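S.K.: Dropping a structure here in structure tokens format, bear with me for questions.
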Amino acid sequence: MLNKDIRNDFPILDQEVNGYPLVYLDSAATSQKPRQVIEALSNYYQNDNANVHRGVHTLGNRATEGYEGARETVRKFLNASSTEEIVFTRGTTTALNLIAQSYGRANIGEGDEILITYMEHHSNIIPWQQLAKATGAVLKYIDLEEDGTLSLEKVSDAMTDRTKIVSIMYVSNVLGTMNPIKEITEIAHAHNAIMVVDAAQAAPHLKLDVQDLDCDFLAFSGHKLCGPTGIGALYGKKALLNEMEPVEFGGEMIDFVGLYDSSWKELPWKFEGGTPIIAGAIGMAAAIDYIESIGLDNIEKHEHELVAYAMEQMKTVEGLEIYGPRDSSKRAGIVTFNLDGVHPHDLATVLDMNGVAVRAGHHCCQPLMKWLDVSATARASFYLYNTKEDVDRLVEGLRMAKEYFQ
Amino acid sequence: MGNEKLDQLYRSVIMDHYKTPRNKGVLESSNVTIDMNNPTCGDVIHLTLQVENDIVKDAKFEGEGCSISMASASMMTQLIKGKNTEDAVNAAHAFSDMMLGKDIDDSMDFGDIEALTGVAKFPARIKCATLPWKAMEKGIASDSE
């Protein structure tokens, strides 16, 4: 387990909610922010704020250095070979939409197939639905195993000569399942399909290496890894990004503008129309520096221990059903569950009254809820600042809810 | 633990309607059918009404949802049965006001429904309580078109 002093880096955790010390178990929705990130944002606005890539003045240079420095931080974080392959976006959703609208529109035709799974987040479903509708392509779903994992055999079986795009989440935000992305990428490439990775839930918890995975695109969000909201990044292989047209046009992204025609900047700026998310990028880089100073391996280990403990303790609550892999070593720091006789919204209210924050609902995964045959679930998600005591408070709250609704 | 505040939300009459809902099911003789969901949480309601000469003769609901939404549906169907459609819609408006913590018209006899006043103090749960009422309002509006 990580040292509990880490909690001191997160000022927000030091408060009472409804008369009890806050236990924050909703990091899969958004993580809390350490002082280091809050200070980076405030330092940027207090000392360096200016627009980037244009100012001759000193602040303009500092802002540009901060923003482009953040790109280098993201490049190292993903082990990409060049900063040309790192596009800043508003988050994972924007990144996936960019791929669908730019790469998709140019390369997908009628009868082509796009392959996703039943566990995807809405952000990795709807861009492909829209692409399929616009082009006449076919959207196909790979079925899951009973325990909510993905079998490589079923991935292989779903591939055809027409499969052009495979887009799969690295870690499920509901089941906690960690998908074998490297192996799936090999399968996709063997069929000449490109591999898109939704790494929104993976980036905060696992060491990522895009060269080792060999994926073609990978997207993640800053706010889930201790960074600010409104910033994320898209990694794309240079050869693909070079071929792609921008989807947003305007300032910042142009090379030359004529009356009736214009040309674009080089990579990656041609995809960053408008004044970029400067403070966000700087804040996200501070967040990456922060989690790397703790160590992704250490964070992953910490979460595995917490999840193992949580699953063991939660099993002792009568009528509690946990979804996803039974083997806690096969899941990231997420436990989704239902308590017999207590609707998840009621459960979340009871827990909130005891200072424990969990998520209740469909978690932006309506097709997965249908697959699980439930209308809603409750979810506890853990991060580096959570402790075994947090799990104990959760379990205590679950018992109380059970009793209250009896 | 925080039982007192919970008791303001989960009044016994609400729990009674949740555990033994009135008017649960589907009306065979319905002429108005409404499906509505709450996209943020997954609650769904299937409401069937029998409306004749602007009178709600009968009402039944099916649904998936929390205690607040299902109890609210049970109470709502109980209230509107036998009412004319204008009164039913007015009741829906008064219920919305109640959820916003506003004072409501004294002439409105809400009976059991007043137990739901506590929901106004739980902003995240207001949409649970209003879902069945919004469904009813939409159904009556579609019938009068």
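S.K.: Quick one: net charge around A:Tyr385, please, counting Lys, Arg +1 and Asp, Glu -1 for every other residue with C-beta under 13 Å from its C-beta.
M.R.: -2
S.K.: Note down the accessible area of B:Val26, probe 1.4 Å, to the nearest 10 Å².
M.R.: Counting only protein heavy atoms, the figure is 70 Å².
S.K.: Compute a Gaussian network model of chain B, connecting alpha carbons closer than 10 Å, and tell me which residue from B:Met76, B:Met108, B:Met15 fluctuates the most.
M.R.: B:Met108
S.K.: By the scheme Lys and Arg +1, Asp and Glu -1, what is the net charge of all other residues having a beta-carbon under 10 Å from that of B:Val13? Working shown, then result.
M.R.: Values: positive: B:Arg11; negative: B:Asp16, B:Asp112, B:Glu114.
In short, -2.
S.K.: Treating the stretch B:69-139 as a set of equal point scatterers at the Cα positions, no solvent, please give the Debye-formula log₁₀ I(q)/I(0) at q = 0.19, 0.21 Å⁻¹.
M.R.: Taking Cα atoms of the stretch B:69-139 as identical point scatterers yields -0.68, -0.84.
S.K.: Using 0.36 nm times the number of residues separating A:His122 and A:Thr160, minus their current alpha carbon distance, what extension gain do you get?
M.R.: Details: separation 38, 0.36 × 38 = 13.68 nm, distance 2.42 nm.
The A:His122-A:Thr160 span can extend by a further 11.3 nm.
S.K.: Count, for each residue of A:339-349, the Cβ atoms from other chains sitting within 10 Å of its Cβ, then give me the mean as a whole number. All intermediate terms of the calculation are to be shown ahead of the outcome.
M.R.: Values: counts 0, 0, 1, 2, 11, 3, 12, 10, 1, 4, 12.
Rounded to a whole number, the mean comes out at 5.
S.K.: Continuing with this model, one more query. What does the accessible area of A:Trp269 come to, in Å² to the nearest 10, when a probe of 1.4 Å is used?
M.R.: Spelled out: A:Trp269, probe radius 1.4 Å, area about 80 Å².
S.K.: Something else now. Round to a whole number: what % of the accessible area of the protein assembly as shown belongs to carbon and sulfur, probe 1.4 Å? Intermediate results must be reported in sequence, preceding the final value.
M.R.: Working: 10630 of 22910 Å².
The C+S portion of the solvent-accessible surface of the protein assembly as shown is 46 percent.
S.K.: Using the heavy atoms of the protein chains and a 1.4 angstrom probe, tell me the accessible area per residue for chain B in square angstrom.
M.R.: 47
S.K.: Enter the buried accessible area of the A/B pair, total of both sides, probe 1.4 Å, in Å² rounded to the nearest 100. Before the final figure, lay out each step's value.
M.R.: Working: alone 17020 and 7660 Å², together 22910 Å².
That pair of chains buries around 1800 Å² in total.
S.K.: Here is a further query. Would you mind checking the tilt of helix A:296-314 against the longest principal axis of the Cα atoms of chain A, expressed as 0 to 90 degrees and rounded to 10?
M.R.: That helix lies at roughly 30 degrees to the long axis.
S.K.: Same structure, new question: Test of understanding: what is the full-extension gain from A:Asn49 to A:Asn298, defined as 0.36 nm times their sequence separation minus their Cα-Cα distance? Walk me through the numbers on the way to the answer.
M.R.: Details: separation 249, 0.36 × 249 = 89.64 nm, distance 3.45 nm.
Residue separation times 0.36 nm, minus the Cα-Cα distance, leaves 86.2 nm.
S.K.: Points 7 angstrom from Cα along the Cβ direction at B:Asn90 and B:Glu114: gap in nanometres?
M.R.: Each label point lies 7 Å from its Cα, and together they span 1.8 nm.
S.K.: Suppose only helical runs count, i.e. DSSP H with n ≥ 4. What mean residue ellipticity at 222 nm does that imply for the protein assembly as shown under -39500 (n - 2.57) per run, divided by all residues and rounded to the nearest 500 deg cm²/dmol?
M.R.: Numbers: 18 runs with 207 residues, N = 551.
Calculated from helices alone, the mean residue ellipticity at 222 nm is -11500 deg cm²/dmol.
S.K.: Then there's this: Semi-axes of the stretch B:56-104's equivalent ellipsoid from the Cα gyration tensor, sqrt of 5 times each eigenvalue, largest first, rounded to whole Å?
M.R.: Values: eigenvalues 66, 60, 8 Å².
Over the Cα atoms of the stretch B:56-104, the ellipsoid semi-axes are 18, 17, 6 Å.
S.K.: Still on this structure, I have one more. So how do A:Glu243, A:Glu272 rank on accessible area, 1.4 Å probe, biggest first, that is with the largest at the start? Write out the running numbers ahead of the final one.
M.R.: Working: A:Glu243 155, A:Glu272 15 Å².
The residues order as A:Glu243, A:Glu272, largest area first.
S.K.: Note down the net charge around A:Asp216, summing +1 for each Lys or Arg and -1 for each Asp or Glu among other residues with Cβ under 12 Å from its Cβ. Don't skip to the end; give the middle numbers.
M.R.: On the way: positive: A:Lys164, A:Lys237, A:Lys238; negative: A:Glu85, A:Asp214, A:Glu243.
Residues close to A:Asp216 contribute a combined charge of 0.
S.K.: Here's something else I'd like to know. Using the alpha carbon gyration tensor of the stretch A:1-77, what are the three equivalent-ellipsoid semi-axes (square root of 5 times each eigenvalue), largest first, in whole Å?
M.R.: Details: eigenvalues 229, 45, 23 Å².
Semi-axis lengths for the stretch A:1-77 are 34, 15, 11 Å.
S.K.: Here is a further query. For a quick protection proxy, order the peptides A:80-86, A:215-221, B:48-54 by their average other-Cβ count within 10 Å, most packed first.
M.R.: Peptide ranking by packing, descending: A:215-221, A:80-86, B:48-54.
S.K.: In units of 2.2 N^0.38 Å, what is the alpha-carbon radius of gyration of chain B? Show your work: numbers first, answer last.
M.R.: Details: Rg = 14.4 Å, N = 145, 2.2 N^0.38 = 14.6 Å.
In units of the globular-protein estimate, chain B measures up at 0.99.
S.K.: What percent does the relative contact order of chain A come to when contacts are Cα pairs within less than 8 Å and at least six residues apart? Numbers along the way, then the final one.
M.R.: Working: 804 pairs, mean separation 92.9, N = 406.
Relative contact order, chain A: 23 percent.
S.K.: Using the Kirkwood radius over C-alpha pairs as Rh, can you work out the diffusion coefficient of the stretch A:101-185 via Stokes-Einstein at 20 °C, viscosity 1.002 mPa s, in µm² per second? Write down the numbers at each step before the final one.
M.R.: Working: Rh = 13.2 Å.
Answer from the Stokes-Einstein relation: 162 µm²/s.
S.K.: Once ligands and nucleic acids are excluded and a 1.4 Å probe is used, how much of A:Tyr118 is accessible, expressed in Å² to the nearest 10?
M.R.: 80
S.K.: So if R0 is 41 Å, what FRET efficiency would A:Glu266 and A:Asn192 give, r being the distance between their Cβ atoms, rounded to the nearest 0.05? Write down the numbers at each step before the final one.
M.R.: Numbers: r = 28 Å, r/R0 = 0.68.
Computed FRET efficiency for A:Glu266 and A:Asn192 comes out at 0.90.
S.K.: Would you calculate the volume per residue, in Å³, of the smallest convex hull containing every Cα atom of the stretch A:1-158?
M.R.: On the way: hull volume 35.5 nm³, N = 158.
Per residue, the Cα convex hull of the stretch A:1-158 comes to 225 Å³.
S.K.: From the Cα trace of the stretch A:143-220, what convex hull volume per residue do you get, rounded to a whole Å³? Could the numbers behind the result be given before it?
M.R.: On the way: hull volume 6.4 nm³, N = 78.
Hull volume over Cα atoms, normalised by residue count, gives 81 Å³.
S.K.: Also: Roughly what % of Cα-Cα distances in the stretch A:342-404 sit above 19 Å, to the whole percent? Let's see the in-between values first.
M.R.: Working: 697 of 1953 pairs.
For the stretch A:342-404, the share of Cα pairs beyond 19 Å comes to 36 percent.
S.K.: Strictly greater than 20 Å: what percent of every Cα pair in the stretch A:179-267 meets that? Walk me through the intermediate numbers first.
M.R.: Details: 1935 of 3916 pairs.
Value for the stretch A:179-267 (Cα pairs over 20 Å): 49 percent.
S.K.: Give the ranking of B:Lys24, B:Lys121, A:Lys270 by solvent-accessible surface, highest area first, calculated with a 1.4 Å probe.
M.R.: Working: B:Lys24 95, B:Lys121 125, A:Lys270 15 Å².
Final ranking, largest accessible area leading: B:Lys121, B:Lys24, A:Lys270.
S.K.: Using the Cα gyration tensor of the stretch A:228-273, with a ≥ b ≥ c the square roots of its eigenvalues, what is the shape: rounded (a/c below 1.5), prolate (a/b larger than b/c) or oblate (neither)? Let's see the in-between values first.
M.R.: On the way: a/c = 2.87, a/b = 1.43, b/c = 2.01.
In terms of gyration-tensor shape, oblate.
S.K.: Please compute the Kirkwood hydrodynamic radius over the stretch B:5-73, one decimal place, Å, based on all pairs of different Cα atoms.
M.R.: Values: mean 1/r = 0.0766 Å⁻¹.
After inverting the pairwise mean of 1/r, the radius is 13.0 Å.
S.K.: With all protein chains present and a 1.4 Å probe, how do A:Glu303, A:Glu318 order by accessible area, largest first?
M.R.: On the way: A:Glu303 5, A:Glu318 145 Å².
The ordering from most to least exposed comes out as A:Glu318, A:Glu303.
S.K.: What is the extension gain from A:Gln211 to A:Glu110, computed as 0.36 nm multiplied by their sequence separation minus the C-alpha to C-alpha distance, in nm to one decimal? Don't skip to the end; give the middle numbers.
M.R.: Details: separation 101, 0.36 × 101 = 36.36 nm, distance 3.13 nm.
Length gained between A:Gln211 and A:Glu110: 33.2 nm.
S.K.: Cα extents of chain A along the three principal axes, largest first, in whole Å?
M.R.: Largest first, chain A extends 71, 55, 33 Å along its Cα principal axes.
S.K.: In the stretch A:36-87, how does Rg compare with the Kirkwood Rh, expressed as the Rg/Rh ratio over alpha carbon atoms? If you can, show how the numbers build up before the last one.
M.R.: Values: Rg = 12.3 Å, Rh = 11.8 Å.
Over the Cα atoms of the stretch A:36-87, Rg/Rh equals 1.04.
S.K.: So how do A:29-38, A:53-62 stack up, highest first, on mean other-Cβ count within 10 Å? List each step's numbers first, then the result.
M.R.: On the way: A:29-38: 19.7, A:53-62: 13.0.
Output ranking for A:29-38, A:53-62: A:29-38, A:53-62.
S.K.: So, R0 is 41 Å and r is the distance between the beta-carbons of A:Asn3 and A:Asp143; what FRET efficiency does that work out to, to 0.05?
M.R.: Working: r = 42 Å, r/R0 = 1.03.
Using R0 = 41 Å, I get an efficiency of 0.45.
S.K.: Per residue and in Å³, how big is the convex hull formed by the alpha-carbon atoms of the stretch A:296-406?
M.R.: Dividing the Cα hull volume of the stretch A:296-406 by its residues yields 100 Å³.
The values are calculated or read from the model by the stated rules, or taken from the named source; none is laboratory data. If you're wondering where the values come from, they're calculated on a predicted model, not measured in any experiment. When we count neighbours, we look across all protein chains shown, and the Cβ atoms used for this are built from the backbone with ideal geometry, even at glycine. SASA here: full protein model, heavy atoms, side chains in, ligands and nucleic acids out. Shrake-Rupley method; radii C 1.70, N 1.55, O 1.52, S 1.80 Å.
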